[in-house]
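Encoded as structure tokens, the structure appears first; notes follow it.
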Amino acid sequence: FLQFGGAAPPNGFLPPIDRTAMGAAAENKPVIGRWELGPDDAMILEVEPPEGLYWSFSLGNPWWETIHYGRHQSSLNAHQAAVDSDGLVRVVLCGPDPGVANWLDTAGYSNGAMILRCVRTATAPTPTARVVPFDDLASALPAEMKRVTPDERAAILERRRRAVYERFAR
């Protein structure tokens, strides 16, 4: 367990991991962390987007299983994530939808894994993480951060559900 990120500090990340010695592809640089949140907490992740072909954030549950990305917005990739005017990507982890584009849904879990996957990227930055009360999110985030309405979120989740169905229902 420790070799897969269990040593990550609560609400923090380990440095990028090189697993080439055990046969992993050199082009894959995961940045693994752990999150632990109370029912009224939210976590804000900030990172300069990795430079390269593909990157994504994804959440796991307490057993490090991927939270179902077809039913929950539990992952965001470079094409889905909104970049703020200062060049940073800010992602909010919490249970209730905070109305921001870059939300990762904890799906009712209080803790689990968080991973920044960097594939064929020149950089593999370590995100910063801070926990704030959910009710303080508006003042903790930039005013210009991209927001979404409940109807827009419903449409996003429907597209995710449909994409997973189309990929795996054969």
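The values are calculated or read from the model by the stated rules, or taken from the named source; none is laboratory data. Just so it is clear, the structure is predicted and the values come from calculations on it, not from any experiment. A quick note on method: Cβ atoms are made from the backbone with ideal geometry, for glycine too, and the neighbour counts reach across all protein chains shown. When the accessible area is computed, the model is the full protein with side chains, heavy atoms only, and any ligands, DNA or RNA have been set aside. Shrake-Rupley method; radii C 1.70, N 1.55, O 1.52, S 1.80 Å.
Could you do me a favour and compute the accessible area per residue for region 1-145, 1.4 Å probe, result in Å²?
Counting only protein heavy atoms, the per-residue value for region 1-145 is 48 Å².
Quickly estimate the mean residue ellipticity at 222 nm for the chain, helices only: each DSSP H run with n ≥ 4 gives -39500 (n - 2.57), and the total goes over all residues, rounded to 500.
Helices in the chain give a 222 nm mean residue ellipticity of -4000 deg cm²/dmol.
Quick check: residue separation of D151 and F134 times 0.36 nm, minus the Cα distance between them. What number comes out in nm?
Residue separation times 0.36 nm, minus the Cα-Cα distance, leaves 4.0 nm.
Could you sort the peptides 70-81, 12-23 by per-residue average Cβ neighbour count (10 Å cutoff), highest mean leading?
The peptides rank, most packed first, as 70-81, 12-23.
May I ask you to give the percent of accessible area on the chain that is carbon plus sulfur, with a probe radius of 1.4 Å?
Roughly 53 percent of what the probe reaches on the chain is carbon or sulfur.
Would you work out if region 1-155 is rounded, prolate or oblate? Take a ≥ b ≥ c from the square roots of the eigenvalues of the alpha-carbon gyration tensor; rounded if a/c is under 1.5, else prolate when a/b is larger than b/c, oblate otherwise.
It is prolate, given that a/c is not under 1.5 and a/b is the larger ratio.
Can you pull a Stokes-Einstein diffusion coefficient for region 46-131 at 20 °C (1.002 mPa s), Rh from Kirkwood over Cα pairs, as a whole number of µm²/s?
This corresponds to a translational diffusion coefficient of 162 µm²/s.
Could you please report the charge total around V83, scoring K, R as +1 and D, E as -1 over all other residues with beta-carbon less than 13 angstrom from its beta-carbon?
Neighbour charge sum, excluding V83 itself: -4.
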